[in-house]
Each structure stands twice: as structure tokens, then as C-alpha cells.
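The values are calculated or read from the model by the stated rules, or taken from the named source; none is laboratory data. Predicted, not measured: the structure shown is a model, and the values here were computed from it. A quick note on method: Cβ atoms are made from the backbone with ideal geometry, for glycine too, and the neighbour counts reach across all protein chains shown. All accessible areas refer to the heavy atoms of the entire protein, side chains included, with ligands and DNA or RNA removed. Shrake-Rupley method; radii C 1.70, N 1.55, O 1.52, S 1.80 Å.
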Amino acid sequence: MRPEDDERAPAGTAAVDSSATGGADDEGVADVSAPTVEVVALTEPAEGVPPVVDTPEALAAVVEAFGAATGPVAVDAERASGYRYGQRTYLVQLRREGAGTALIDPIALPDLSALSDALVGVEWVLHAASQDLPGLAEQGMHPSRVFDTELAARLLGMERVGLAAVVADTLGLGLAKEHSAVDWSTRPLPVEWLRYAALDVEVLVEVREVLAERLAVSGKAEWAAQEFEAVRTAPAPAPRVEPWRRVSGLHAVRDARRLAVVRELWETRDKNARQRDLSPGRVLPDAAIVAAAQALPRGVPALTALPAFSGKGTRRRAPLWQSAIDRALALPDSELPSVRGPKSDAPPPPRAWADRDPAAAARLAVARDVVAGLSERHSVPVENLLQPDLLRRLCWSPPASLDAASVAEHLAAGGARAWQVELVADPFAAAFATLGA
């Protein structure tokens, strides 16, 4: 549909192919499954691009306007993932009926608690809320209620749940995502980026209305409400044990001495990245860490001879990296990391279950069949129907009795929502009974 063919097309739009606008998620990852459908491109905010709010006086005006406005508030946040250390928020976008759109610089204004206070009791509409809420909390922003459009789309069984795809599906509008992965720590922010940021909240409340209606029609409104509340109240994740073990390609490092090199290089990189406020991958790629661990160079010349250390910046800091390698090489055997990894109460990888506990493997097989069947029946992804880790824990360390009540209690204690427990407990118990457990 082209604007000239429909008088209702909003100003500042143009007809586009959704394969160009709806084929990426919020982190800029292409969705190659995007179908080719014509939608109307949303190219300009209704009131234009607002100025960035970066003074106490301007923030006070925003607080007053949004506190006096009506209805839900659309909220989004931009980070500099891949550029800066951590997940700090570099821009906050809001839109509410009667207040318009506000673009707030949380670097200039790190305390946004007054804005949060003005919105107490108001529903916040976010897309992929779990990504934005931790950073917003650092600015003192805590919602009373949440509507997550991505989660809603998942519960509705939509094949593509990136923001652009959901906007296209619900409103027939194309939302360009070409600036989703830029360095939002840049100051001043280019006007094109600000336009993109404003458009991210331009129609979010309208999307919410369509999704809420679909949830109600499908009987999933209460499921969604429980999921939204779980996201809103989720505690901060516990610090990872031995986070250096998440280095990409670590599976190629098989002995304790080389693992020690990985650990020392990771810790040195992390400290340097934090000091320089850079993404660790920009300081030293994971591939370089693994290459050094495999080669075990005994000096800077040997280190810089490795292709992964031939770059100008990497060579300049070669003494720093070599000192980390030297420390790992000098460690006594008693201080080397375990090749098995840290102790954990998590079940072993499922591929090992058949040998270690055939009964658990059998429980997992039938439980997965149950979840797959319910997923298809209700058009909900298996990972949203029940957390995969919780499913594995149930099957590996089940309650003493595998009746429906005991299974339900076990799942609820593990964090399953009431709707999930109601859906899976009885089928799980029936499936386990067929095993003679």
C-alpha cells in the first residue's frame, strides 16, 4: 500500500517493503525469515525530533508534562553495546498522550527519580523490557506496571518479535532499524539517530493496544500479565562464577595451564577495558585470547608473531598481554583452574544423562515431548512455556513423588509462573507415570 493510495496514511510516511524495515531485532540482527509485505514507512515523528533534554530545568519541564499527561507511557533506552564497557544507558526515550516525546540524556542527568515518581501507577510500555529495566534502574527509574510488547508477541506465537516486525504486523507501519547498533555514547548525538530514537516510542502505545486485544481474544491476557510482572520484579542476576569461562572458543583449550592463560588474559583485559570504558572485545578479541592460550608464547616477539596479535593496538599493548601470560605460566599446579569448570548445582549437559542417569534421561525425553505438544497447541515458544533450565532441574532432581501436586510445587518453587504450572503440571505427572517412576 502506498500513501497516495490511502488517504489515511500518516504524514511523513512512504510505502516500503517490510523485508527492509522489519527484518532486524532491537540489536540489529537480521531476521532472514521476514516475509515480503508492503507496509507504510514511518519516517518522521508526528511532532518532529524533540531537542535532547540535558539540563535540570528542561528535565523539570518534562517531569511536569509527563506527570500531567494521560494513559500509558512508552519507554525505551539506548546503550552502547560493543563500544563501551558494561550496559550503561546513554539515551532514554519516552512518549505519553498529552506530553509528546522526550529524549533525555542520562549522562548529563543521571538521576531521573523525579520522572519515575511522576509516573507512579502508570503502565510503562517497553519492547524487550528485561534489556532496558536494569539500566533504567541505575537512573532511578522503576515502573509500577509493565507491558512488554516483545513478550506479548512471543505469547501470541508471532514468528518475528523484533520491534520493527511487531510494528509492521500490528499497525502496518515500517520502522527502520539502521541505527540500532550505533555508538550511543557519541556526543552530540546526530539528528538522524535522534529521529530513529524518537520513532522507537512513536507508536509503541498503539502497538500495545493491538497486542492487548489479541491477548484477550486468545485467552492469554492473564498469562501475559504474570509474565510482565515477573520481568518487572526480576532481581538483578547474581555475579557469574568464573566469568572468563564464557570466552568464545574456549572449548578448544583443553588443559589446565592453557586455561590459566585464558583466565589471566581475560582478567587483564577486563581491568583494562573498565579503565578505558571500552567494550572488552575492542580491547582484545576472544580469538586472540584463545590463540595465545594455544601457542603459549614465551616473549613479546613470539606473541606478536601470532596473527591475532598483529594489529597496531594489540601490538602496542603486547607487553601487557605477555605479562599476563607469564603469570599464568609461572603458577604452581595447585593454583591452576579446573578443567571441569566450577562446581554447580545445575544438572549436567543432557547429552550425558543417558549414561549417568537413564531414568532422568527418560523423564527429560517425555517432558520435552509434553512441552513441544503444548507449545504447538497454544502457539507459544517452548522457552516461554517453561524455562528450559527449570525443566532440566525437574527431570534431573525430581521431587520424591511425581504426582501433579508435587510437580506443581517443585515448578513454582523454581520460579515458574502460575499459568505455566497450571498448563504443564498434570501432563508432566501423566507422562512420568508412563515410565513407572
Is there any pair linking a residue in the range 331-343 that is within 12 Å of residue 259 (Cα to Cα) and open to solvent by less than 100 Å² (accessible area, probe 1.4 Å) to one that is among the acidic types (Asp, Glu) and part of a loop (DSSP other than H, G, I, E, B), with Cβ under 7 Å and at least six apart or on different chains, and which?
339/255
For residues in the range 260-298 being in contact with a Lys or Arg (Cβ under 9 Å, 6 or more places away or on another chain) and part of a loop (DSSP other than H, G, I, E, B), which is farthest from residue 82 (Cα to Cα)?
296
Residue check for residue 74: among the hydrophobic types (A, V, I, L, M, F, W, C), touching a residue at least 12 places away in the same chain (Cβ under 8 Å), more than 20 Å from residue 189 (Cα to Cα) and touching a helix residue (DSSP H, G or I) at 6+ places or on another chain (Cβ under 6 Å):
yes
Do we have residue 368 as within 30 Å of residue 265 (Cβ to Cβ) and not polar (S, T, N, Q) here?
no
So, first residue of a type outside the set (Val, Ile, Thr) in the range 106-119, second residue open to solvent by less than 10 Å² (accessible area, probe 1.4 Å) and assigned to a loop (DSSP other than H, G, I, E, B), Cβ within less than 6 Å, six or more apart or across chains; the pairs are 112/141; 116/141
Might you check whether a residue that is within 30 Å of residue 260 (Cβ to Cβ) and open to solvent by less than 60 Å² (accessible area, probe 1.4 Å) occurs anywhere in the range 352-375?
yes
Inspect the range 234-249 for any residue being assigned to a loop (DSSP other than H, G, I, E, B), at pLDDT 95 or above, among the hydrophobic types (A, V, I, L, M, F, W, C) and under 30 Å from residue 145 (Cα atoms) and give the result as yes or no.
yes
Flag if residue 58 is assigned to a helix (DSSP H, G or I) and at pLDDT 50 or above
yes
Name the one entry in 120, 73 that is open to solvent by less than 50 Å² (accessible area, probe 1.4 Å), at pLDDT 95 or above, closer than 24 Å to residue 209 by Cα and not in a helix (DSSP H, G or I).
73
Could you tell me which residue of the range 159-195 is surrounded by the most Cβ atoms within 10 Å (Cβ to Cβ), considering only residues that are within 18 Å of the chain's Cα centre (by Cα) and within 22 Å of residue 228 (Cα to Cα)?
164
When residues of the range 402-415 are filtered for being surrounded by 13 or more Cβ atoms within 10 Å (Cβ to Cβ) and over 17 Å from residue 362 (Cβ atoms), how many remain?
9
What about residue 365, is it assigned to a loop (DSSP other than H, G, I, E, B) and over 30 Å from residue 228 (Cβ atoms)?
no
If you take the residues in the range 143-158 that are in a helix (DSSP H, G or I) and open to solvent by 10 Å² or more (accessible area, probe 1.4 Å), which one is farthest from residue 77 (Cα to Cα)?
154
With respect to residue 355, is the statement that it is more than 30 Å from residue 152 (Cα to Cα) and within 29 Å of the chain's Cα centre (by Cα) true?
no
Identify the residue in the range 129-142 that is within 19 Å of residue 95 (Cβ to Cβ) and either among the charged types (D, E, K, R) or in a helix (DSSP H, G or I) (or both) and, among all such residues, is most open to solvent (accessible area, probe 1.4 Å).
131
Tell me, yes or no, whether the range 308-326 has at least one residue that is of a type in the set (Ser, Thr, Tyr) and open to solvent by 30 Å² or more (accessible area, probe 1.4 Å).
yes
Could you list, in sequence order, all residues of the range 184-205 that are assigned to a loop (DSSP other than H, G, I, E, B) and under 20 Å from residue 53 (Cβ atoms)?
184, 185, 186, 187, 188, 189, 190
Qualifying residue in the range 338-345 (condition: within 28 Å of residue 239 (Cβ to Cβ), assigned to a helix (DSSP H, G or I), under 30 Å from the mean Cα position of the chain (by Cα) and among the acidic types (Asp, Glu)):
no
Here is a list of conditions, (1) part of a helix (DSSP H, G or I); (2) of a type in the set (Gly, Ala, Ser); (3) open to solvent by 40 Å² or more (accessible area, probe 1.4 Å), and residue 108 meets all of them except one; can you say which number that is?
(1)
Could you identify the single residue in 171, 126 that is of a type outside the set (Gly, Ala, Ser) and within 19 Å of residue 88 (Cβ to Cβ)?
126
Output the residue which, of all residues in the range 394-437 that are of a type in the set (S, T, N, Q) and not in a helix (DSSP H, G or I), is farthest from residue 359 (Cα to Cα).
401
Answer with yes or no whether residue 208 is outside any strand (DSSP E or B), surrounded by fewer than 18 Cβ atoms within 10 Å (Cβ to Cβ) and among the basic types (Lys, Arg).
no
